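*Asks:* Mind having a look at this structure? Questions to follow.
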Amino acid sequence: MKRHLVSTADLSRDDALLILDTAEELAHLSGRSVKKLPTLRGRTVVNLFFEDSTRTKTSFEVAEKRLSADVINFSAKGSSVSKGESLKDTALTLQAMGADAVVIRHHASGAPARLAGSDWLHGSVINAGDGTHEHPTQALLDAFTIRRHLNPGTGHDLAGRRVAIVGDVLHSRVARSNVHLLTTLGAEVTFVAPPTLLPIGIENWPCQVSYDLDAVLPKTDALMMLRVQRERMNAAFFPTEREYSRRYGMNGIRMAQLPEHAIVMHPGPMVRGMEITAEVADSPRCTAVEQVANGVSVRMAVLYLLLGGAVFADAPADASRTDSPEAAK
Ligand code: NCD
């Protein structure tokens, strides 16, 4: 595996399966009364958040603490960034404090890649969402959730599974990271959106495109709903919210058109009444809350493999190692 996780396009099938299988081992921990491993004891991880976040930030923090890392939370609000400090000077400051890894969320697409390609930081850079570009750990937790529901056992990819990603693809870093990862894992991806919410050049992406949600539903194993990202919109992309919901919103009637085994996913935050009704959001087929729980295991796996997992990556896990995921079983 590379030193950084900036894009799912950088992950080979073997890398992706290693992360998912490691997360599967680590998930055993969450059922224990003591949920900690000493693996990252003495390592410092900085969470550098320039954009709002509920799930991703807390999930990374829980994952880091469960691996016993020293955690520093840094948000742009209330820091010298609001006084005009640059990303470079912020990074140099974190390096001076001995950060072994930086988890970064930034409103500018490309900010994590800039950090990873610089000599400002010596540790690993993990992208926790950059602008409309990528959100790799979200895609990994989505793949983990799909695999748990649709594929028996570890070591398997998602060959032949059909995933529909519905809504504001244009502004979605979740959709971009998912299309790379899911196709690497062998799944067939269909984007469903109004033409105004699809990126230019979509025909060159490794996916199908449809404007008709009802036609796609019966052929779907996992349906991923996306939030309409109003904060990134500077124009009217559809006539009214009501019309958007009518054509692209998930409701009870549409849920009945899905195959019986199919799941409805959402990365959160959900806007109930817009892209998803309360009936669907609260139904047992909706995995939104389970995705959050899976996010902790997946982020632990990423941190473990980037920061402390050389032994695990090179050799089969030794169950006698108390700091290995195997020991969590
Ligand atoms: C997503 C994000 O921030 O990109 N949320 C998340 O990380 N769980 C999606 C969104 O904001 O709609």
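The values are calculated or read from the model by the stated rules, or taken from the named source; none is laboratory data. Everything quoted here is computed from the prediction, not taken from an experiment. Heads up, the Cβs are rebuilt from the backbone with ideal geometry, glycines too, and the neighbour counts pull from every protein chain shown. Keep in mind that these areas ignore ligands, DNA and RNA; they rest on the heavy atoms of the full protein, side chains included. Shrake-Rupley method; radii C 1.70, N 1.55, O 1.52, S 1.80 Å.
*Asks:* Quick one: 3J(HN,Hα) in Hz for region 95-107, Karplus 6.51/-1.76/1.60 with θ = phi - 60°, rounded, Gly and Pro as x.
*Replies:* Karplus values, whole Hz, x for Gly and Pro: 4, 4, 8, x, 5, 8, 8, 10, 9, 10, 10, 9, 6.
*Asks:* Need one word for the chain: rounded, prolate or oblate. Basis is the Cα gyration tensor (sqrt eigenvalues a ≥ b ≥ c); a/c below 1.5 gives rounded, then a/b vs b/c decides.
*Replies:* Values: a/c = 1.90, a/b = 1.31, b/c = 1.45.
Since a/c reaches 1.5 but b/c is at least a/b, the shape of the chain is classed as oblate.
*Asks:* Please list 244, 211 from largest to smallest accessible area, probe radius 1.4 Å, with all protein chains kept in place. It would help to have the intermediate numbers written out before the result.
*Replies:* Working: 244 5, 211 120 Å².
Ranked list, largest accessible area first: 211, 244.
*Asks:* Toward the positive end of the charge dipole of the chain, about the Cα centre and with charges on Cβ (Lys, Arg +1; Asp, Glu -1), which of 289, 140, 218 goes farthest?
*Replies:* Going by the Cα projections, it comes out as 289.
*Asks:* Could you give the angle, 0 to 90 degrees to the nearest 10, between helix 13-26's Cα long axis and the longest principal axis of the Cα atoms of the chain?
*Replies:* So the inclination is approximately 70 degrees.
*Asks:* Quick check: the angle from helix 173-184's long axis to the longest principal axis of the chain, C-alpha only, nearest 10 degrees?
*Replies:* It works out to around 90 degrees.
*Asks:* Please give the per residue accessible area of the chain, computed with a probe of 1.4 Å over protein heavy atoms only, in Å². Don't jump to the answer; show the numbers that get you there.
*Replies:* Working: 13850 Å² over 329 residues.
Value for the chain: 42 Å² per residue.
*Asks:* Which FRET efficiency value, to the nearest 0.05, is calculated for residue 10 and residue 282 with the Förster distance at 51 angstrom and r the Cβ-Cβ distance?
*Replies:* Values: r = 37 Å, r/R0 = 0.72.
Working from the Cβ atoms, E equals 0.90.
*Asks:* Spelling out what I want: for every residue of region 210-219, take phi, set θ = phi - 60°, compute 6.51 cos²θ - 1.76 cosθ + 1.60 (Karplus), and round to whole Hz; glycine and proline get x.
*Replies:* Per residue, the Karplus-derived 3J(HN,Hα) values read 9, 9, 10, 4, 4, 6, 7, 3, x, 9 Hz.
*Asks:* Further question: With the cut-off at 27 Å, tell me which of the pairs 2/88; 57/219; 36/83; 57/83; 2/219 have Cα atoms farther apart than that. Please list the in-between numbers first.
*Replies:* Values: 2/88 22 Å; 57/219 34 Å; 36/83 38 Å; 57/83 23 Å; 2/219 36 Å.
Pairs exceeding 27 Å: 57/219; 36/83; 2/219.
*Asks:* Where the centre of each part is set by its Cα atoms, how far does region 155-173 sit from region 185-229, in angstrom?
*Replies:* 8 Å
*Asks:* Return the carbon/sulfur percentage of the accessible area of region 136-287, one whole number, probe 1.4 Å, all protein chains in place.
*Replies:* Working: 3200 of 6320 Å².
For region 136-287, the apolar C and S fraction of the accessible surface comes to 51 percent.
*Asks:* Still on this structure, I have one more. Return the Rg/Rh ratio of region 83-211 with Cα-based radii and a Kirkwood Rh.
*Replies:* Rg/Rh: 1.06.
*Asks:* Could you give the dipole magnitude of region 136-287 about its Cα centre, charging the beta-carbon of Lys and Arg +1 and that of Asp and Glu -1, in debye to the nearest 20? Intermediate values should be presented prior to the final figure.
*Replies:* Numbers: 16 positive and 15 negative charges, 38 e Å.
The calculated dipole for region 136-287 is roughly 180 debye.
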